[in-house]
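Take a look at the structure below.
The values are calculated or read from the model by the stated rules, or taken from the named source; none is laboratory data. This structure is a prediction, so every number in the text was calculated from the model and none was measured. Because the Cβ atoms are built from the backbone with ideal geometry, glycine has one as well, and the counts that use them run over all protein chains shown. Areas reflect the complete protein model, heavy atoms only, side chains present, ligands, DNA and RNA absent. Shrake-Rupley method; radii C 1.70, N 1.55, O 1.52, S 1.80 Å.
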Amino acid sequence: FFRRNLRRRCDPPNTALEPINVLEGLLRDPARRYIGKLCHMEAWQFFLLADRLKALIERPRWKRNGEMPIKKGPDVHHDYYHRLFFTLEWLNSGNFFRSSEPKYGWGKSSIQEDNIHVLRAICEGLEDQVSWPNADRRAELAALHPGVFRDMIGICDIKEHCIEKSKDCVKENVSYSAKHQMNSFKNLSVIDYTGRFIYVLVGLGKNDREFFTQCPLYMQRGVYFTGNQFVASDGGFHGDGPIQCSFDNPGSNENKKQFNLVFKEVRAGIETAFARVCAWFPILGLNKSKWNYSDETLQLSVHAASRLHNWLMNTENLSYDAASSAETYFKCYY
């Protein structure tokens, strides 16, 4: 007699799977070149950020139902330095968690859960890095630019992140972008004249105008704007609200042509900011054709990258204002 579907019994593995101490090995490099390659920050910035986020990283993880555990959760195999390093490395590579199992010594599910935990810690620990300016700061920003850009407090634009087609018909219909012929999440961002993000929102919308009319900047404009203050944007936002766009068809009107020319030069700032974030954290760039992660991971990644972008600029005292550029200072002294 013969039996079918018998499992083949295998002996337990003879060798134990041990995690590779990646960070310890890289720390032995006196030049600390690993930071610029994997985390896009200097060594002192990495340890400064780790000390700031230590309490948030070491706290218990959230439950899968979204509740915060009261008691301490299970012990993790790595300290907060490694956990932050793994998350920053993932932001710069975007590799699937399964490919990191032998290097980290964790299963892909544990790596994914801890990655979300650290991303949430970054968003909470750097919450003050992205904030809408108060009334005094808005008045200061509105008085910076003369002429047609007077009362402008920021530049607005939307970047789309490609995601997988959802099985939910409603979500698939809302997330489909006719402009790029793909399903995507929209990232609405506003920057000031220094190149720092002052507002970031991630969500679903068929087009730029529809997504803007659903955000608080349009629904609660009295809280975010005073008087004739506005944000500048491209023609995809045409309509009412605290927003000013360029002319679609300037025709032979020289004033409209000149206005559009100046408008393009000013709007180049936010395109530079988006390109800078994509260069610092390539997973948010165009090299990833499709986002294979959950919606929560996408939203936390965008918010974390925006806050890290402002934090890096503040620690290095960077500014992309034309009046504060290095060329201007060079001409002043020489």
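A few notes on this one:
- Set side by side, the residues Glu327, Glu265 differ, and just one is under 24 Å from Arg138 (Cβ atoms), open to solvent by 50 Å² or more (accessible area, probe 1.4 Å) and at pLDDT below 75, which is Glu265.
- Condition check for Ser184: open to solvent by less than 10 Å² (accessible area, probe 1.4 Å), among the hydroxyl-bearing types (Ser, Thr, Tyr) and under 17 Å from Thr272 (Cβ atoms): no
- Criterion: of a type in the set (D, E, K, R), outside any helix (DSSP H, G or I) and touching a residue at least 12 places away in the same chain (Cβ under 8 Å) - qualifying residue of Asp240, Asp248: Asp248
- Odd one out for Ser110, checked against (1) of a type in the set (S, T, N, Q); (2) without any contact (Cβ under 8 Å) to a residue 40 or more places away in the chain; (3) more than 30 Å from His77 (Cα to Cα): (3)
- Which listed residue, of Ala143, Ala121, Ala139, is among the aliphatic types (A, V, I, L, M), out of contact with any Phe, Trp or Tyr (no Cβ under 7 Å at 6 or more places or on another chain), surrounded by fewer than 16 Cβ atoms within 10 Å (Cβ to Cβ) and in contact (Cβ under 8 Å) with a residue 60 or more places away in the chain: Ala139
- Within the range 149-187, the set of residues being modelled with pLDDT of 80 or more, within 30 Å of Thr226 (Cβ to Cβ), of a type outside the set (Asp, Glu) and touching a Phe, Trp or Tyr at 6+ places or on another chain (Cβ under 9 Å) comprises Met152, Ile153, Gly154, Ile155, Cys156, Ile158, Lys159, Lys186, Asn187.
- 1 or more residues in contact with a strand residue (DSSP E or B) (Cβ under 6 Å, 6 or more places away or on another chain) and modelled with pLDDT of 85 or more: qualifying helices (runs of 4 or more DSSP H) within the range 33-146: 135-142
- Residues (closer than 18 Å to Ile163 by Cβ and more than 19 Å from the chain's Cα centre (by Cα)) located in the range 183-213: Lys206, Asn207, Glu210
- Any hit, the range 147-164, residues being in a helix (DSSP H, G or I) and over 26 Å from Val130 (Cα atoms): yes
- Of residues in the range 75-97 being in contact (Cβ under 8 Å) with a residue 24 or more places away in the chain and open to solvent by 40 Å² or more (accessible area, probe 1.4 Å), the one nearest to Phe46 (Cα to Cα): Tyr81
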